[in-house]
Amino acid sequence: MRIKNLYLKNFRNYEDENIEFSDGLNVIFGRNAQGKTNCAEAVFYLCTGISPRSKRDKQLIRYGCEFAEISAESEGRYGNMQIYAKITESGREFKLNGNKISRGADILGNLFSVFFSPQELRLIQDGPDERRRFLNVSISQLSRPYYVALSRYNKILEQRNNLLKNRDINLIYDSLPVWDEQLCKYAAIVARKRAEYVDMLSPLAKEAHAHLTDGAEELKISPEKKYKGSEQELEERLFAEFSNNYERDIRLGYTASGPHRDDIDVSINGIDAKTYASQGQTRTAALSIKLAEVEIFKNMSGEYPVLILDDVMSELDLPRRKKLVERTSGLQTILTCTHAERVLYGKQTNKIKIEGGKVKK
């Protein structure tokens, strides 16, 4: 899978620009604050329908403009495809090959992408929310049933939490089993899919980390909770878990257990990376997880995703930079940096210089 070109209109600091990509390594370079990351962000937005940097879509619209447009032509094993997005103050519109996409789930799974930036260090350093977000975005690209189940789980969870704040205790006790029966149906799907994903991720991340560190460190990823069994068994187990914690949840005023509270453990050489890893170790571990994600996409979809590496080189030493470049061989990579070093990237790299939101030939 590869993107052939990207068109941006009124997106961030881009007024009207078309960017051509090659099959292999594409190095987008230039001084800071010129729009390199904005370009990488636009690609990921088309693939997933979300920005890795902003929670509100209207922030993507160029200052002083009423709308932004992004489109890309891509090529994969099922042929050519065009994806288009228009963002306005009041909403957004997606089209696939000219046909309007009405559901969020239908945006996913058309173009696969893996995104890494310095902010991805939060995957290791920050709380469980960041690791759940990583799992949700990655699995949703591969599985629409997961995306649908997660969306419905979150909606029912919100209703359950609202109920827990009610002052009528009898109403709460009478209503919770009804909500939990629905909640557990989707919770079981989310829990099982995440468990399967972490089982795939763990050995691949371990291997990628060993490659980047020359075998000096061992990365281990494991789920905090072991969800084993069929969806029916998980549904029954989760229902019992919710039921046994009614008093606690009523006291707290929210649901304190379930997939929305789960986490994954990350360790380097047997030591908890979330607490004790250095900045360099954290960066390498997060990058290894992203490289493992690339392989999962390849194994499950039959083709590599577009790998986006935003400002990843600045904090890596030269040996790890070289190993990372080696690792990207065979897949389309969009890499942003301040300098397109020939000694590192080679002569055949597609180099794209950005100045003030414009491509400089």
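The values are calculated or read from the model by the stated rules, or taken from the named source; none is laboratory data. Just so you know, these numbers come straight off a predicted model, no measurement behind them. Here the Cβ is made from the backbone with ideal geometry for all residues, glycine too, and neighbour counts use every protein chain on show. To get the accessible areas, we keep the full protein, side chains included, count just its heavy atoms, and leave off ligands, DNA and RNA. Shrake-Rupley method; radii C 1.70, N 1.55, O 1.52, S 1.80 Å.
Has segment 155-163 got at least one residue that is touching a Gly at 6+ places or on another chain (Cβ under 9 Å), assigned to a helix (DSSP H, G or I) and open to solvent by less than 70 Å² (accessible area, probe 1.4 Å)? There is at least one residue in segment 155-163 that is touching a Gly at 6+ places or on another chain (Cβ under 9 Å), assigned to a helix (DSSP H, G or I) and open to solvent by less than 70 Å² (accessible area, probe 1.4 Å). Counting residues in segment 129-143 that are assigned to a helix (DSSP H, G or I), open to solvent by less than 40 Å² (accessible area, probe 1.4 Å), closer than 21 Å to Glu41 by Cβ and touching a Cys at 6+ places or on another chain (Cβ under 8 Å) gives one or more. Exactly one residue out of Val114, Val148 is among the β-branched types (Val, Ile, Thr) and open to solvent by 10 Å² or more (accessible area, probe 1.4 Å): that is Val148. So in segment 206-245, with the set limited to residues that are hydrophobic (A, V, I, L, M, F, W, C) and under 24 Å from Asp272 (Cα atoms), which one is farthest from the chain's Cα centre (by Cα)? Looking at the filtered set, the residue picked out is Ala216. Under the condition of being crowded, with 17+ Cβ neighbours inside 10 Å and over 17 Å from Glu355 (Cβ atoms), the residues counted in segment 7-23 number 4. The C-beta contact set for segment 71-86 (first residue among the β-branched types (Val, Ile, Thr), second residue part of a loop (DSSP other than H, G, I, E, B), distance under 9 angstrom, 6+ apart or interchain) comprises Ile83/Asn97; Ile83/Ile107; Ile83/Asn110; Ile83/Leu111. Among residues of segment 68-101 being among the aromatic types (Phe, Trp, Tyr) and crowded, with 17+ Cβ neighbours inside 10 Å, the one that is nearest to Thr37 (Cα to Cα) is Tyr84. Scanning segment 187-216 for residues that are open to solvent by 30 Å² or more (accessible area, probe 1.4 Å), part of a loop (DSSP other than H, G, I, E, B) and on the phi < 0 side of the Ramachandran plot yields one hit, Ala216. Pairs linking a residue in segment 250-274 that is closer than 16 Å to Asp180 by Cα to a residue that is assigned to a helix (DSSP H, G or I) and of a type in the set (Phe, Trp, Tyr), with Cβ atoms under 9 Å and 6 or more positions apart or on different chains, are Ile250/Tyr173; Thr255/Phe242; Ser257/Phe242; Gly258/Tyr153; Gly258/Phe242; Pro259/Tyr153; Pro259/Tyr186; His260/Tyr153.
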